[in-house]
Structures are given as structure tokens and as C-alpha cells.
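The values are calculated or read from the model by the stated rules, or taken from the named source; none is laboratory data. Because the structure is a prediction, the values reported are computed rather than measured. We place every Cβ from the backbone using ideal geometry, glycine too, and count neighbours over all the protein chains shown.
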Amino acid sequence: MQHFEMDTIRYEGPSTKNPFAFRYYDADRVILGKKMSEHLPFAMAWWHNLCATGTDMFGVGTADKSFGAVPGTMEHAFAKVDAGFEFMQKLGIRYFCFHDVDLVPAAEDINETNRRLDEITDYILEKMNQTGIKCLWGTANLFGDPRFCNGAGSSNSAEVYCFAAAQIKKAIELTVKLGGRGYVFWGGREGYETLLNTDMKLEQENIANLMHKAVDYARSIGFTGDFYIEPKPKEPMKHQYDFDAATAIGFLRQYGLDKDFKMNIEANHATLAGHTFRHELRVSAINGMLGSIDANQGDLFLGWDTDEFPYDIYETTMCMLEILKYGGLTNGGFNFDAKNRRPSYTKEDMFHAFILGMDAYALGLIKAAKLIEDGRLDDFIAQRYASYNEGIGARIRSGEADLTELADYALNLKKPAAPGSGRQEYLESVVNSVLFGE
Ligand code: XUL
Ligand code: CO
């Protein structure tokens, strides 16, 4: 049974008026020596695309995601697999990401939920083998069930902590079964509402302990991929412990988890933390921990995670610039952790959203490569720090000069030369000319 009427979406070039065609994403086009499809391993988020109906705090869903079955049944779970694989094939999406609870309806008894998960992943595996579509990463939803209201790894209750462990164990097993290249920890409820009732040190130690046990178990069953922390400062918790990349990296180092973990950076989480997306990517990159991307965007006027499909070409260009400079993602990809706006509730809108997102990243890639080839930004930065290439600057970089030598250098000089203009406005005009000039 076909779930979508659309044909396979093809590249037709920037001037096409066909709403069901790519304008920039041309999978086989080679950019800086690599095919676009290799630069951009796009992934479908099971939760937004196959589960979310547009429910918000003020209203019920607007989109029909029943796919011909009754929601809440295993029949529906199977229909979502069929619809999902058809959707990915039609768009040329080669990966998917999932939470355990996205795949099957949870039962009262966790043993029955696990049995359902085994059944559905057998079917997903069949579909993967038929289509060549792969799993990018898996995760456990440790935030939706009421038992996690005080956190999962950070819960005050040791029993709840064990239920978190059980879900993580199963989700890791499923990720390994599906050949997933990554396993994500996003700590939506790992944080606090008030310090009046919170032992922050105990909670953070418990989370780290759970992560260690997860790594040990995953490695013992053959998982060779990356673990990711997905930083987010708030929502749903008032204060999340994985606030931003710098905080998460500090946490990983403090608890000796930094060899197994990298960052999964989500654009909208970065802006909620008061950073640009690019800042979070750079912090991860310079620490060797840029793992994967949750590709979406937020809204500057709204203070929550709106998970919009990426549209802003400045943002996708700067993201791709960071990734190209990093040498690409190893096990990671571009997971569209994004949802249609509530009034965009049709099946056509699901396609428009992915076409928009894939084209926005493809155009970002093209423009980022142009910025690198143009060379003016790199040249400017190299020249800006040139004083460290020789003389006293080189001795600073090598660490040879002690404080007295540095001070004496200044005292002899009496007055430093002007540091040189930052040329921000000029550099911004260079970016514009590369983005929009011909
Ligand atoms: C929530 C979020 C999650 C994670 C996976 O803001 O981004 O969907 O990506 O749990
Ligand atoms: Co996300």
C-alpha cells in the first residue's frame, strides 16, 4: 500500500517551479571532492515525521498520522514503518533516528513493551535490507513518562533510576541490532526546577554513573559507534544539566566519559542557550567532539524549542563552514529534528518541509565551499594573528617565554603597535557577495 501520492523527488535546479523537486540538493554533485550525499547524510526523525500530529498546549493535533491504522496499536506501528520507508525512499533520505517509544505503543508492563520493540525492529531490519536505508542513531525517551517527572538518571528515586537503565539497555540493544552509528543522551528532565529540593552533586554523579554503565554495556555487545550528549539549556526542565556544549564537555571530562562521547548539536538548542548554532559547533570542533547535528532552526521571537525546518541560508552556510573545516562528520549526520508548523498539516507539507531542509543545507554547503575557495575570510584570520608567527609571538605560542620575558618585552617597547581593525563589516560584505553575488 502506498501512503504518499508523490513521485520520487528529483533535482531540477534553482529555476524550477515544481514544488516537488530539489532546487539545490543534487545527491551526486561533487563539492570539494565529495558527493553532496556524502557531505550531507540526512536523517528522518521518527518522532516528528511519523508520530507528531501538531498537538500543542492549546489544541489537539491537526495532521493525520494514522497511515490507515488505529493509533496506539501494533498495526499502526507497522504502518508507520511502511510510511516512513516509503517517505525516505521518495526523498532519497538514507538514515533515520528513533526513540524507543516512537516505534511502538508502550504497554503497562515494560516486558511487553520490550517484546513489541523486538517485533517491530525485526520488521524495520527487513525494510532496511530491502532499501539500503540505515539507522543513524537511537535513543531512549526518558522524559515523557510521568515516572520521569523528577528526572531519569537524576531522579531522586532509585527505582525510577533502574527503569531509566532498563530503557537505555533496551534502546542500546535495538540500536546495535539496527546497526546504528550513534547513541544519544538528551537530558530533557535531567536538571532541576528548584535547588530547594535538589542535591545537584548527587544527581550529576548518578547521571555520569549511568552513562558509564551504558558505555560498558554497549561496548560489551559490540557497539563501536559514538555516544552523544545533545546539549539544551532548558525546556522541559527549568535548568538542564547539559546546558550547552561547553558545559557538557566539562561534565564529560570531569567524569572520564570524554573518550566515548561527542556532541550532537541542535541548532534551536544553541539559540535557547544564548549562543549561535555556529558557536556550539565551534566549541565542539575545537575540542574534537563535533559528532552529529540535529538540523532545525528556532524563532528569535519565541523562547522555546520551535523545531522548525531549516530555512535560513546564513545559518546553514555557517554550519557547513564549520563542518567542512572540521573535515566532515564521522559517524554523525543531519537529523531533521524538525516538525511542520501546526497549520501545515497535509502529506504534501511533509514533503515540502524535507525539500526545504535538504535544499537549505545543500545551498549552505555550496556557499560554504565557495567561502573556502574564495579564501578572503581565511586569509584575513591568518593575517590577523600573524604576530604569533615569529619573534616574541612564536615564543608565546611555544610556551617558552616566561612572564618576566613578556613584561620586559613590553617595557622595552614602551607602547604597542595598534592591534589592527577587526574589519567585521568588510568581512560581512564578503560573505554577502559570496552568498548573493555571481
Ligand atoms: C528535544 C530533542 C530530542 C532529542 C532526542 O528538544 O531535541 O528530540 O533530539 O531525544
Ligand atoms: Co534534538
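The table below gives the values:
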quantity	calculated
Residue, surrounded by the fewest Cβ atoms within 10 Å (Cβ to Cβ), within segment 179-219, restricted to residues that are within 16 Å of ligand 1 (Cβ to nearest atom) and farther than 21 Å from LEU272 by Cβ	LEU210
Filter result for ALA338 (within 13 Å of ligand 1 (Cβ to nearest atom) and of a type in the set (A, V, I, L, M))	yes
Matching helices (runs of 4 or more DSSP H) fully within segment 356-438 where at least 2 residues are in contact (Cβ under 8 Å) with a residue 12 or more places away in the chain and β-branched (Val, Ile, Thr)	424-436
Every residue from segment 30-55 that is out of contact with any helix residue (DSSP H, G or I) (no Cβ under 6 Å at 6 or more places or on another chain), in a loop (DSSP other than H, G, I, E, B) and of a type outside the set (Val, Ile, Thr)	GLY33, PRO41, ALA52, GLY54
Test: residue in segment 160-175 that is surrounded by fewer than 18 Cβ atoms within 10 Å (Cβ to Cβ), within 21 Å of ASP337 (Cβ to Cβ) and within 22 Å of the chain's Cα centre (by Cα)	no
Criterion violated by PHE148 - all others in (1) free of Cβ contacts under 8 Å to residues at least 60 places away in the same chain; (2) in contact with a Pro (Cβ under 9 Å, 6 or more places away or on another chain); (3) buried (at least 21 other Cβ atoms within 10 Å of the Cβ) satisfied	(2)
Residue in segment 296-305 that is within 16 Å of ligand 1 (Cβ to nearest atom), of a type in the set (S, T, N, Q) and within 27 Å of ASN432 (Cα to Cα) present	yes
Filter result (away from ligand 1 (no atom under 16 Å from the Cβ), out of contact with any Gly (no Cβ under 8 Å at 6 or more places or on another chain), under 26 Å from GLU235 (Cα atoms) and in a loop (DSSP other than H, G, I, E, B)) within segment 104-152	VAL104, CYS149, ASN150
Evaluation of GLN383 against (1) within 16 Å of ligand 1 (Cβ to nearest atom); (2) more than 30 Å from LYS65 (Cβ to Cβ) (one fails), failing number	(1)
Selection count, segment 316-328, where residues are surrounded by fewer than 20 Cβ atoms within 10 Å (Cβ to Cβ) and touching a residue at least 12 places away in the same chain (Cβ under 8 Å)	4
Residue check, LEU300 assigned to a loop (DSSP other than H, G, I, E, B), among the aliphatic types (A, V, I, L, M), away from ligand 2 (no atom under 16 Å from the Cβ) and surrounded by fewer than 23 Cβ atoms within 10 Å (Cβ to Cβ)	yes
Filter pass, TYR255 being within 22 Å of PHE351 (Cβ to Cβ), of a type in the set (Phe, Trp, Tyr), surrounded by fewer than 18 Cβ atoms within 10 Å (Cβ to Cβ) and away from ligand 2 (no atom under 16 Å from the Cβ)	no
Some residue of segment 215-225 being within 15 Å of ligand 2 (Cβ to nearest atom) and either part of a strand (DSSP E or B) or modelled with pLDDT of 95 or more (or both)	no
Qualifying residue in segment 56-70 (condition: in a loop (DSSP other than H, G, I, E, B), touching a strand residue (DSSP E or B) at 6+ places or on another chain (Cβ under 7 Å) and in contact (Cβ under 8 Å) with a residue 60 or more places away in the chain)	no
Residue count, segment 295-326 (criterion: under 28 Å from LYS35 (Cβ atoms), more than 13 Å from the chain's Cα centre (by Cα) and of a type in the set (A, V, I, L, M))	5
PHE354 within 16 Å of ligand 1 (Cβ to nearest atom), in contact with a Leu (Cβ under 6 Å, 6 or more places away or on another chain) and among the hydrophobic types (A, V, I, L, M, F, W, C)	no
Test for ASN114: is it touching a helix residue (DSSP H, G or I) at 6+ places or on another chain (Cβ under 8 Å) and either under 21 Å from ASP337 (Cβ atoms) or at pLDDT 95 or above (or both)	yes
Selection count, segment 230-280, where residues are closer than 25 Å to LYS213 by Cβ, in a helix (DSSP H, G or I) and either within 15 Å of ligand 1 (Cβ to nearest atom) or under 13 Å from the mean Cα position of the chain (by Cα) (or both)	2
Answer residue from segment 281-294, given it is within 16 Å of ligand 2 (Cβ to nearest atom) and not in a strand (DSSP E or B) and is farthest from the chain's Cα centre (by Cα) among those	SER284
Close pairs from segment 25-36: first within 19 Å of LYS325 (Cβ to Cβ), partner crowded, with 17+ Cβ neighbours inside 10 Å and of a type in the set (Asp, Glu), Cβ under 9 Å, at least 6 apart	MET36/ASP26
Of all residues making up segment 303-338, the number that are closer than 25 Å to VAL431 by Cβ and either more than 15 Å from ligand 2 (Cβ to nearest atom) or of a type in the set (Gly, Ala, Ser) (or both)	19
